[in-house]
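Heads up, the thing below is written out as structure tokens.
Values quoted throughout were computed directly from the atomic coordinates according to the rules given, and no laboratory measurement underlies them. Given the structure is predicted, the values throughout are model-derived calculations rather than measurements. Cβ coordinates were reconstructed from backbone atoms using ideal geometry, including for glycine residues, and neighbour counts include every protein chain displayed.
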Amino acid sequence: MLLAKLIFKNAFRSKLRSTLTILGISLAIIAFGFLRTVVEAWYAGVEASSASRLVTRNSISLIFPLPISYKEKIRQIEGVSSVSYGNWFGGIYIDEKNFFANFAIEPKSYLDLYPEYIVSDEHKRAFLKDRKGAVAGQNIVERFGWKIGDNITLRGTIYPGNWEFVLTGIYKGRDKTTDESQFFFHWDYLNEIVKKTVPNRADQAGFYLVGVKDPNLAVVISERIDRTFKNSLAETLTETERSFQLSFIYMTEAILMVIQIVSLIVIIIILAVVANTMAMSVRERLAEFAVFKTLGFSGGYILLMIFGESLIITSIGGIIGIICTFPAADAFASAMSNYFPVFIITKETIYLNIAVSFLIGIISAVFPAVRALRLQIAENLMKVR
Amino acid sequence: MGIFFLYSLRNLFKRRLTTILTALGMALVVFVFASILMLSEGLRQTLVDTGTYDNVVIVRKGAVSEVQSGIERHQASIIETQPEVAIGSDGKQQYAKELVVLINLPKRDTDKPSNVVIRGIEEHSLPLRPQVKIVEGRMPKPGSSEIVAGVNIAQRFKGAGIGENLNFALRSWKVVGIFDAGKTGFSSEIWADVEQLMSAFRRPVYSSVIFKLRDSSEFQRFKSRIETDPRLTVEAKREVRYYADQSETMAKFLRILGMSLTVIFSLGAIIGAMITMYAAVANRIGEIGTLRSLGFQRRDILLAFLLESLLISFIGGCTGLFLASFLQFFTVSTMNFQTFSELAFSFNLTFEIIYLSIFFSILMGFLGGVLPALRASRMQIVDSLRAG
């Protein structure tokens, strides 16, 4: 009990310094949690992907399409339960700043393949019926203040011209990780107009989405699909949705690495700040420790005092930091919703934050503690006046 | 002044551990600050160097990049006959119709695939880009399945080295040369004969048309005429502008990330400096009293402590900058979100960044030191002498 009281009194003896240190730790914990969340947001697409869906695309690269005749051929392959297809449309809503993903898709099969996009039956019926209809995620609907029935015009970058759509439905995500900022419309509508304007680009799908009966056979079925189209004019590359998403992440690996290095630097910076505080507290109190030793307190007792003080400071800072991470992340998420449609703080991040603050508390106290242990009683008692 | 400088310096030396820790914090902040600036500068440099001011790129209206664009053969020949196209020393028009597509190639070290830009070129594509130099081998012969690879691609992608073969579009392509385009985006491309690529990829249209202006000032007039021509649906941009637009998203991302990090980190470092300086003041109350009674003014005390804080931050700033300068040896290779293609750029240290970083570190030292120094200077002589 005495020990706890001593630790508390010591930790707040120099109020200004402790407050500043705590503030420093909180800031660092916010930064650290924040960077971790950025990294996780990067992987959000992978988290949300399903193992029972395959993506088939042109083996040369994403920008090359596949003929629409492949749909029937893929459907006949053993193990395939359903096939949908679509095109990345790349349309711009008013200004490039308003970026969101928009796809032309085959509506019925697509919504069946993606049960995580929840559309009410009424919206679904309206969407399927209206050729110019579109379904948008909750997130972008709120961002642009759209209402059901609104006319939405996208400026095509890949398919020239202005494209008119009617908002017939809004989808919500089933899971937290579901991206609620996409925009879908009828592939037939796209194809119909492309047929008139650029006939050589009509009847082509950018990608096929393939549902499989047994996810364990995904690899085998991928090979079957690719073998079917081997040596044809449009060879395919089929992989699970997960590895498809991962391939995008590999391409931006360098940025991800930079962020991870920076989060390590954050930790070193906090370490420097806290270690500094502890070094100073101990240096100021050497004479006191000498008195403690003279009175018969053991070295272990003094060690506990120093470590306890350091841990108290870091854990208070850590708690404040963790609490503040949430509003900070919210603000960032709304500012950067173009880049990160899904931006949530996970449990792991919080655990990691706690672990980091604990670790810093321990490491910062090591050097000062060693110093206090080695101290010569006589020499330091002389300082007592 | 001299005596104060020595006084501050010796004080710093006396409390080595604290000084080192505080300076280390500052050094890391400056390191991050400088490296983000260097990265943005590297990206900017890459894109500015990629374009040539007098060159004009023509893409389909609304297309953000050449990859998305398509220009029909008859449209391309209309543009070719425009009077603004410069005539070169060979008596021919400085004009090239190009095809730009992405292909998926595996990297040498990780085997992970990444998108690489492959550009179909014509006779004048090379003279239009004076920054591109063949460093090994030769250019591909027109009408052959030969390619040349940029240095960044040759080093990093499987089968892209000289003498090796790349397989795509049901053909095998021989790498007959390596070109170096310095720090420009072209160093991350593969070039081949445009007609060969068009037939291999079965793309009957060009992606873009590029030419050199006869007279640089004619651009605006040319642009408004060509964009309103009813036979064409195209957009004309200066090459410099075109490349800057392409990586706007990336540049903005780096800027936002960099600025948020710098703000958070610098607050941390300022707090670190404050802690150190408040302690320095508290430890030396007696000394302050002595100095004051010897006749030193409040101003002198203020200066002494401020100087100490500035010294720490200066040491930290220089250390951080020194560490950051090593980053120049690294090249960052990543996917450009806007074009989905591989783009390599390096950290670029300029004098402006050096000044900014040093200024930034000194500012942190000032902000961290000013409050403690004020406290020291406001002390009453009697009180401080007694406390000492």
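Whole-Å semi-axes of the protein assembly as shown's equivalent ellipsoid, largest first, each the root of 5 times a Cα gyration tensor eigenvalue?
60, 32, 23
Going 7 Å from the Cα of A:R201 along its beta-carbon direction, which residues of the range B:40-82 have the amide nitrogen within less than 17 Å of the resulting point?
Within reach of a label on A:R201, which here means backbone N under 17 Å from a point 7 Å along Cα→Cβ, the range B:40-82 contributes B:58-76.
Could you compute the FRET efficiency for B:F296 and A:V39, with r as their C-beta to C-beta distance and R0 at 60 Å, rounded to 0.05? Working shown, then result.
Details: r = 53 Å, r/R0 = 0.88.
It comes to 0.70.
Over the whole of A:56-65, what's the average partner chain Cβ count within 10 Å per residue? Rounded to a whole number, please.
5
How high is the FRET efficiency from A:A51 to B:T350, r the C-beta distance, R0 56 Å, rounded to 0.05? Can you show the working numbers first?
Working: r = 48 Å, r/R0 = 0.86.
So, using R0 = 56 Å, E works out to roughly 0.70.
Counting only other residues whose beta carbon sits under 15 Å from that of B:G289, what net charge do I get with K and R as +1, D and E as -1?
Spelling it out: positives minus negatives among the neighbours equals +3.
Looking at the range A:12-66, what % of the alpha carbon pairs are farther apart than 17 Å?
Roughly 67 percent, rounded to a whole number.
Consider just the alpha-carbon atoms of the range B:99-218 and return their Rg together with their Dmax, both in angstrom.
Rg and Dmax of the range B:99-218, Cα atoms, are 14.2, 48 Å.
How long is the gain from A:I323 to A:I362 if the chain were fully straight, where each residue apart is worth 0.36 nm and the alpha carbon distance is subtracted? Mind showing how you got there, number by number?
Details: separation 39, 0.36 × 39 = 14.04 nm, distance 2.19 nm.
Taking A:I323 through A:I362 to full extension adds about 11.8 nm, to one decimal.
Roughly how big is the range B:211-280's charge dipole about its Cα centre, with Cβ charges of +1 (Lys, Arg) and -1 (Asp, Glu), in debye to the nearest 20? Provide the component values of the computation, followed by the final result.
On the way: 11 positive and 8 negative charges, 42 e Å.
Dipole magnitude for the range B:211-280 comes out near 200 debye.
What is the order of B:D111, B:D54, fewest Cβ neighbours within 10 Å to most?
With the fewest neighbours first, B:D111, B:D54 line up as B:D111, B:D54.
Let me confirm one metric for peptide B:18-28, namely the mean number of other chain beta-carbon atoms within 10 Å of its residues' beta-carbons.
5
How many nm is it between the label spots at A:E78 and A:S334, if each spot is 7 Å from the Cα in line with the beta carbon?
About 5.6 nm separates the two model spin labels.
Once the Cβ-Cβ distance between A:V220 and A:E122 is put in as r, and R0 is 25 Å, what FRET efficiency do you end up with, to the nearest 0.05? Provide the component values of the computation, followed by the final result.
Numbers: r = 40 Å, r/R0 = 1.59.
E between A:V220 and A:E122, to the nearest 0.05, is 0.05.
Using only alpha carbon pairs under 8 Å that are at least six residues apart, calculate the relative contact order of the range B:92-167 and give it in whole percent.
Value for the range B:92-167: 28 percent.
Under a Cβ-Cβ cut-off of 10 Å, what is the net charge of the residues other than B:D109 that fall near it, where Lys and Arg count +1 and Asp and Glu count -1?
Result for the neighbourhood of B:D109: +4.
How do B:T18, B:T52, A:T19 line up, fewest other C-beta atoms within 10 Å first?
Ascending number of Cβ neighbours within 10 Å: A:T19, B:T52, B:T18.
Looking only at other chains, what is the average number of their beta-carbon atoms within 10 angstrom of each beta-carbon in A:18-26? Intermediate values should be presented prior to the final figure.
Working: counts 1, 2, 9, 4, 1, 5, 9, 2, 2.
Mean number of neighbouring Cβ atoms from other chains: 4.
Past 29 Å, Cα to Cα, is the threshold; run B:K107/B:K237; A:K195/B:K141; B:K174/B:K237; B:K107/B:K183; A:K73/A:K195 against it and keep the listed order.
Numbers: B:K107/B:K237 33 Å; A:K195/B:K141 37 Å; B:K174/B:K237 33 Å; B:K107/B:K183 20 Å; A:K73/A:K195 23 Å.
Pairs exceeding the cut-off: B:K107/B:K237; A:K195/B:K141; B:K174/B:K237.
If you take all C-alpha pairs in the range A:18-118, what percent of them are over 18 Å apart?
Details: 3446 of 5050 pairs.
The calculated P(r) of the range A:18-118 puts 68 percent of pairs beyond 18 Å.
What percentages, rounded to whole numbers, describe P(r) for chain B computed over all alpha carbon pairs with 20 Å bin width beginning at zero?
Reading upward from the zero bin: 24, 38, 22, 14, 2.
For Cα pairs less than 8 Å apart in space and 6+ apart in sequence, what is the mean separation divided by the residue count of chain B, i.e. the relative contact order in percent?
RCO, chain B: 28 percent.
Give the residue from A:L6, A:S26, A:F89 lying farthest towards the positive end of the charge dipole for the range A:1-90; charges sit on Cβ (+1 for Lys and Arg, -1 for Asp and Glu) and the dipole is referred to the Cα centre.
Of the listed residues, the answer is A:L6.
Among the listed pairs A:K172/A:K213; A:K71/A:K230; B:K133/B:K212; A:K124/A:K213; B:K97/B:K133, which have their C-alpha atoms separated by more than 22 angstrom in this model?
A:K172/A:K213; A:K124/A:K213
For chain A, count the residues as N, evaluate 2.2 N^0.38 Å, and divide the Cα radius of gyration by that value, please.
For chain A, the normalised Cα radius of gyration is 1.41.
Identify all lysines with a Cα-Cα distance to A:K196 below 19 Å; exclude those on the same chain that are fewer than 8 residues away in sequence.
Hits, sequence-local ones excluded: A:K132, B:K61.
So which lysines can A:K176 reach, going by Cα to Cα under 21 Å and dropping same-chain residues fewer than 8 places off?
By straight Cα distance, A:K176 reaches A:K347.
When the convex hull of the C-alpha atoms of the range A:293-334 is computed, what volume per residue in Å³ does it have?
In the range A:293-334, the Cα hull volume divided by residue count equals 49 Å³.
What is the sum of charges around A:R242, taking Lys and Arg as +1, Asp and Glu as -1, for the other residues whose C-beta is under 12 Å from the C-beta of A:R242?
-2
How large are Rg and Dmax for the range A:235-353 when calculated on the C-alpha trace, in angstrom?
Rg then Dmax for the range A:235-353, in Å: 22.9, 84.
Just want to confirm a number: the relative contact order over the range B:47-111, from Cα pairs under 8 angstrom separated by 6+ residues, in percent.
Normalised by residue count, the contact order of the range B:47-111 is 22 percent.
Which whole-percent values make up P(r) of the range B:237-388 when all C-alpha to C-alpha distances are grouped in 10 Å steps starting at zero?
10, 27, 23, 16, 11, 7, 4, 0
On a straight-distance basis, which lysines could pair with A:K9 in a cross-link, Cα separation under 24 angstrom, same-chain partners fewer than 8 positions away excluded?
A:K293, A:K383
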